[in-house]
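The values are calculated or read from the model by the stated rules, or taken from the named source; none is laboratory data. In this text, all values refer to a predicted model and were calculated from it rather than measured experimentally. Backbone-built Cβ (ideal geometry, glycine too); neighbour counts: all protein chains shown. Heavy atoms of the whole protein, side chains included, go into the accessibility calculation; ligands, DNA and RNA do not. Shrake-Rupley method; radii C 1.70, N 1.55, O 1.52, S 1.80 Å.
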Amino acid sequence: MSEKLKVGFLLLGGCAGCEMAVVDLSEKLVDALAHLEVVFWAPTVADVKYHDLEAMDDGYIDVAFIDGMIRLDEHIHMAKVMRKKAKTLIAFGVCAALGGTAGMGSLHTKEELFSKAFKNTTTTDNPDNVYPSPHCLVDGKYDLTLPAYEDKVRTLNQIVDVDYYIGGCPPHHSHVEVAIGALVTKQLPPKGSWITNGKAVCDVCKRNPTRNGNGGRIMVDKVLRMVDGIPDDNVCLLQQGYLCFGPITQGDCGGSCLNVNIPCRGCGGPIPGNEDYGAQALTSIASILGSEDATASLMEKYPNLAKFFYRYALPSGTLPRKM
Amino acid sequence: MSFSPNIVGFACQWCTYAGADLAGNLRCKYPPTVKLIKVPCSGRVKPEYVLQALAQGADGVLVGGCHFGDCHYKDGNYKTKNRMDLLSKLIADMGFDPRRLRLEWISGAEGQKFAKVITEFTEELIALGPNPLKKEEELINE
């Protein structure tokens, strides 16, 4: 390969777990670096500042990965800057693609969130009710600023055009490897698609009942949560009454959660052809409820259905926040 | 001008849609507030449709299907029931009054029931007021 591919990583409103998934490639990352040149990785790994990105020529970066959702005006600004500097922009991980768990913040007002975070937690001591504010004048002369808080969480594609999406919270490192391989060899799907193996979690799940001849329509009479018992290791969780989003979620993770007895909650993103993840999850779960009692027990056990069905996808939903 | 609600109605072609036809033939009077969309079965109504109607400013959504046991596809309406029960809780969690989503079983012979349901639903929506999203839009436009 004549010239190295210039890549950049930008963390917005996320936890940097997606970047850990890149680091988790370990020695494979070392091999990949023969083909890649990291020109920007902030604010986590490299010692570069935002103004270094702003100083780059437009289109200088070949492939940019953005992880994390959009909540602050700084996120909006940096996403726009990165879009200008990058030829290809990837929404990396479910936060950038669909909003992620932080997207559930849109079900609460700013007041609720701030009082929880800065006042009412048991480990917080804040007698003067000091909240972060975008501007603060210290000693009458230092005008300090903080990024301003937007009224709701947004996904990356609500701010800028996104070329590819990668799901996962975080993306499984084996999938990151596949994705980086596809980028290096330029074997990419059409723009605007997800980089995925195209299979549902059930397809890669070892519990899939069709593998051992127990397939067929699933109907449950009662709904269980993980606190209600320990599921059988080898039986489909839906057949046991534990609600799992495997049927409608992309299985790039290889069914990692199912391998350790945890139901899928949909971080992989929706299987192709579905635009509203939570609504699809509702349809899928409703179709296995065999009686009104089962429906009633679901609603009793999951007090907030918006947070249940839209665990990772609320900002991308038809109704992206609470009215 | 007084508030006249905008109802999006999803009507099963085998029963509620025929019921609406009959209401017309019988010259039943009901408010002109409902826009009916014919669907093959109430079980065909995906939650996305209802959410989309609310997101685009509908004040209420009516889903009309066959009585239990009468479904042309045997159990479509049982699926509708499960789905709409969950959906009405979901829209309540999203901050909408769950009464904005109404599920009714109206057969092809129940033209009068159709007229009665639309009249009642319209009155209920007038009491609830416009879709809260529309209020927000007005505020933004001001």
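So here's what we get for this one:
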quantity: Residues of segment A:253-285 buried by at least 30 Å² on assembly (accessible area, 1.4 Å probe, chain alone as reference); calculated: A:Ala279, A:Leu282, A:Thr283
quantity: Computed over segment A:251-323: relative contact order in percent, which uses C-alpha pairs under 8 Å that are six or more apart; calculated: 33
quantity: Accessible area, probe 1.4 Å, largest first, for residues A:Val204, A:Val220; calculated: A:Val204, A:Val220
quantity: Contour minus Cα-Cα distance for A:Leu144 and A:Leu33 (0.36 nm per residue); calculated: 36.0 nm
quantity: Carbon and sulfur %, accessible surface of chain A computed with the full protein complex present, 1.4 Å; calculated: 53
quantity: Long pairs among A:Lys6/A:Lys186; A:Lys301/B:Lys81; A:Lys4/A:Lys84; A:Lys85/A:Lys199; A:Lys152/B:Lys79, criterion Cα-Cα beyond 24 Å; calculated: A:Lys85/A:Lys199; A:Lys152/B:Lys79
quantity: For segment B:11-118: rounded, prolate or oblate by the Cα gyration tensor [a/c cutoff 1.5]; calculated: oblate
quantity: Estimated inter-spin distance, B:Arg44 and B:Asn25, nm [label 7 Å along Cα→Cβ]; calculated: 2.1
quantity: Probe 1.4 Å - accessible area at A:Met104, Å² to nearest ten; calculated: 40
quantity: Computed FRET value (nearest 0.05) for B:Tyr73 with A:Thr109, which takes r as the C-beta separation and R₀ as 30 Å; calculated: 0.10
quantity: Gain on full stretching of the segment that runs from A:His77 to A:Lys301 - 0.36 nm per residue minus C-alpha separation; calculated: 76.6 nm
quantity: Buried solvent-accessible surface, both chains (B, A), 1.4 Å probe, Å² to nearest 100; calculated: 2300
quantity: Sequence-distant lysines (8 or more away, or on other chains) whose Cα lies within less than 16 Å of A:Lys119; calculated: A:Lys110
quantity: A:Glu54 paired with A:Lys84, simple spin-label distance in nm, labels 7 Å along Cα-to-beta-carbon; calculated: 0.9
quantity: Net charge dipole size for chain B [Lys, Arg +1 and Asp, Glu -1 on Cβ; Debye, nearest 20]; calculated: 480
quantity: Per-residue SASA entry for A:Asp221, accessible area with 1.4 Å probe, Å² rounded to 10; calculated: 110
quantity: Set of segment A:31-64 residues, backbone N closer than 17 Å to the point 7 Å along the Cα-Cβ line of A:Asp161; calculated: A:58-64
quantity: Solvent accessible area, Å² - A:Leu238, 1.4 Å probe, full protein context; calculated: 10
quantity: About the Cα centre, charge dipole magnitude for segment A:206-256 (Lys/Arg +1, Asp/Glu -1 at Cβ), debye; calculated: 120
quantity: Alpha carbon centroid spacing (whole Å) that separates segment A:248-267 from segment B:34-87; calculated: 30
quantity: Segment A:5-38 versus segment A:205-230: alpha-carbon centroid distance in Å; calculated: 37
quantity: Rounded to 5, percent antiparallel among DSSP beta bridges of the protein assembly as shown; calculated: 20
quantity: Calculated [θ] (222 nm, deg cm²/dmol) that DSSP helices of n ≥ 4 give over chain B, each run adding -39,500 (n - 2.57); calculated: -14500 deg cm²/dmol
quantity: Average Cα contact separation per residue, chain A, under 8 Å, 6 or more apart, as relative contact order %; calculated: 18
quantity: Sum of side-chain charges, A:Glu150 neighbourhood, beta-carbon under 13 Å (Lys, Arg +1; Asp, Glu -1); calculated: +2
quantity: Shielded residues, segment B:32-65 - accessible-area loss of 50 Å² or more between chain alone and all protein chains, probe 1.4 Å; calculated: B:Glu48, B:Leu51
quantity: Computed [θ] at 222 nm, deg cm²/dmol, chain A (DSSP H ≥ 4; -39,500 (n - 2.57); rounded to nearest 500); calculated: -7000 deg cm²/dmol
quantity: Probe 1.4 Å, protein heavy atoms only - accessible area per residue of the protein assembly as shown in square angstrom; calculated: 48
quantity: Projected label distance in nm at A:Lys199 and B:Ser4, using a 7 Å step from Cα toward the beta-carbon; calculated: 5.7
quantity: Hydrodynamic radius of segment A:129-209 per Kirkwood, over alpha carbon pairs, in Å; calculated: 17.2
quantity: Residue-span extension gain [A:Met226 to A:Lys4] - 0.36 nm each, minus C-alpha spacing; calculated: 75.2 nm
quantity: Whole-percent carbon and sulfur share, accessible surface of segment B:40-86, 1.4 Å; calculated: 49
